[in-house]
Amino acid sequence: MSKKYILNSADKALSPSQVYVEKISSGVLKDLFGTGSFNVLLQAEEKKNPKQRKRPKTSAKCGAASSRRNRPVAAPKKPRAPEGVCKPAQTNRVLSGNSNHSKPARNIAVVGSTVGLAPRAVPQPRKTCASDSPRAKIPSSHKAAIPREVENAKKLCILTAIKPANVQKEKAAFFTSDFNYNPQFEYSNPVAPAVLARHNNASDRFLTQAERIMELALQRYGSYEKFELATGGNLLTKSRVWHSIKKYMEKEGCLGEIVAQVTDDLLSRASMTVVNGRPTLTINSSTAREHWLDGMLRHEIGTHYFRGVNNCHQPWSSGAGRKKHNLKPLNPTEEGLASIHSVLFRKDPTLWRAALLYYTVHQAGRMSFAQLFRDLGRFVQDPNTRWDYCVRAKRGQTDTAQPGCFSKDQVYLDGILQILRHRDKINFPLLMALGKVSFEDVDRLKALAQMDNVRIPHFMQDQARYAEQLEKIMAVNQLTDEELKAIV
């Protein structure tokens, strides 16, 4: 059961560090967040209804779009549940902090941080990242460049297409068999074998570090379940989840910009996606723990959303712009940075989840589903938790009796270790300001960047404290500079 809100703040005086964002088009938003996050809502793409108003066509590439319409983000219309989604699992309501707003604002004036970047105090309104801007347009040749094998996914993001349609049925069969049955997954929009083959390439580059990180946690706590309770705390009620989301958005000055949704129909713990043209934060209520939720919000809003918004100001905001400036892939930097922010400021910033995802993918490439499930018993006892990790690693496969994996989940630990390796040389506020770029591109891109309206999350304000937290992550996970230099 999920509920969706648009969280709006009441009228308040803006601080001197306010920034101005105008008309971020849905097409650009899809390009920003669709490619920036490997977390995907477990729901079918909204089916087109001929009676509905026409929406911009989206390309087959995950998140890419060819929209030319401007769509303000500030106060979207009352959200509706996407067609094709089971109604009882999706209950939407709009929550506003100020009921006196009779008309939706066309522009968003929000409080942001400008630490170390010195933009103008109150910039004049200007069209930024609108679909009629040369930088925001998706080139007409983009659609032609899409690989044909993605067509059979009916223009779905690959991460949505590889979500098995019969998960619950196969889970019941697997549990009934005393964990010996290998699930036979079915897909509503099967992905071509050639596409899956490109993601069936598990690495062992950081396997030693992944295993050590988890073994250290088991030595400290005895089991994953005890680690989860001790470091994550109790599961939160949905009302407390909503309160925490609103509090965090107020802190970042982004109330009214993001649709928030709490659901139990999510394979990951949280996601930042675009639904019906609106930035949408989804939190998995079954994994929302009191000491971990802020980390999820730093991951999804403070990293993915802010880097996405900053990206739309830059000359490389489009696919053509990225190609023109010869940008490196945004991952593993994007997910590595977000994953660091997930554990930032924790009393125990053990990189457990990134390590287990990396390890699970590696083992899935060599094992059947049932073998993988038994192997994970080395680190996780709870069968439901093990099932979830196995499904993530085996998604895309039909016959899970065969070795095989979906390898993208290794990007988290990969990105974390690369960033920690170069932490003393990375300008983190600048990495945030430049948008969806690799840390390796920062130095050569900074002279070309548009810095007037960039937004930096609150937790990067104190750079000395931020650096201390990175050192703490290194120490707790027993990572050394010598080791990282040898493997990265």
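Descriptive notes on the structure:
- Residues of the range 405-417 include at least one that is farther than 30 Å from residue 167 by Cβ and among the hydrophobic types (A, V, I, L, M, F, W, C).
- Residue 364 passes every criterion in (1) out of contact with any helix residue (DSSP H, G or I) (no Cβ under 6 Å at 6 or more places or on another chain); (2) within 30 Å of residue 194 (Cα to Cα) apart from (1).
- Number of positions in the range 460-484 that are assigned to a helix (DSSP H, G or I), of a type outside the set (Asp, Glu) and either within 21 Å of residue 213 (Cα to Cα) or open to solvent by 10 Å² or more (accessible area, probe 1.4 Å) (or both): 12
- Any hit, the range 426-436, residues being part of a loop (DSSP other than H, G, I, E, B) and touching a Ser or Thr at 6+ places or on another chain (Cβ under 9 Å): yes
- Any chance residue 452 is modelled with pLDDT under 95, part of a loop (DSSP other than H, G, I, E, B), surrounded by fewer than 24 Cβ atoms within 10 Å (Cβ to Cβ) and not hydroxyl-bearing (Ser, Thr, Tyr): yes
The values are calculated or read from the model by the stated rules, or taken from the named source; none is laboratory data. Quick caveat: nothing in here was measured; it's all calculated off a predicted structure. Here the Cβ is made from the backbone with ideal geometry for all residues, glycine too, and neighbour counts use every protein chain on show. SASA here: full protein model, heavy atoms, side chains in, ligands and nucleic acids out. Shrake-Rupley method; radii C 1.70, N 1.55, O 1.52, S 1.80 Å.
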